[in-house]
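Peer 1: Pasting in a structure now, in structure tokens, and then I'll have a few things to ask.
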Amino acid sequence: MASIFAKLPPPPPPLFVSKRQPLLGNLGKFLVSAIGESQGRVAVVAKATGESPESSTSLSIVKSVQNIWDKSEDRFALIGLGFAAVVALWASANLITAIDKLPLIPSALEFVGILFSSWFIYRYLLFKPDREELFGTINKSISDILGQ
């Protein structure tokens, strides 16, 4: 095994006068500051100063779950329903694993999946009026689920 050695130029001078001064201050939504220096290396930490859309979405999901939990009169049933959902997920994953180990079934199911995907593309995605029908059906289902 060969090794490669290179002579690197010396590192540039440090960008910080003290260890907690910000590098270029507030960069948009990020505050960058040095944590420590040792042997010419600088450790840098970036912290977000604003909220991202993902965090607001996750907060709204948490708040809606908290509202459902607070409004519920039968919390024992909610706990049982959550436990049943976890058990169903575990059982379905094990069932899929068991089916996948059978010799001929995975190939047959893959073929059925390819046929169904081809039919779905032909039926709903290939032509514009069919796409509009699909979008209408999806939007109607979403509004029915949300109760709007």
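Read-outs: derived from the displayed coordinates by stated rules, not from any lab. These numbers come from a predicted model, not from an experiment. Note: ideal-geometry Cβ built from the backbone for every residue, glycine included; neighbour counts use all protein chains shown.
Peer 1: Each residue of segment 114-128 in turn: what ³J(HN,Hα) in whole Hz from Karplus with 6.51, -1.76, 1.60 and θ = phi - 60°, glycine and Pro shown as x?
Peer 2: 5, 5, 5, 4, 5, 4, 4, 4, 5, 6, 10, 10, 6, 10, 4
Peer 1: Gain in length, N139 to I79, computed as 0.36 nm per residue apart minus the alpha-carbon separation, to one decimal in nm? All intermediate terms of the calculation are to be shown ahead of the outcome.
Peer 2: Details: separation 60, 0.36 × 60 = 21.60 nm, distance 3.10 nm.
Net length gain for the segment: 18.5 nm.
Peer 1: Once you have a ≥ b ≥ c as the square roots of the Cα gyration tensor eigenvalues for segment 102-148, tell me rounded if a/c is under 1.5, and otherwise prolate or oblate according to whether a/b is larger than b/c. Present the calculation step by step, with values, prior to reporting the outcome.
Peer 2: Details: a/c = 8.08, a/b = 1.79, b/c = 4.51.
Oblate is the answer for segment 102-148, as a/c is 1.5 or above yet b/c matches or exceeds a/b.
Peer 1: Using Cβ contacts closer than 10 Å as the measure, can you line up L115, L134 from fewest to most? Please list the in-between numbers first.
Peer 2: Numbers: L115 10, L134 14.
Placing the least packed residue first, the sequence is L115, L134.
Peer 1: What is the fewest-to-most order of L95, L104 by other Cβ atoms lying within 10 Å of their Cβ? Could the numbers behind the result be given before it?
Peer 2: Numbers: L95 10, L104 7.
With the sparsest Cβ surroundings first, the list reads L104, L95.
Peer 1: Also, I was wondering about something else. Which ordering of E132, E73 is given by a fewest-first count of other beta-carbon atoms within 10 Å?
Peer 2: Values: E132 11, E73 6.
Arranged by neighbour count, lowest to highest, E132, E73 become E73, E132.
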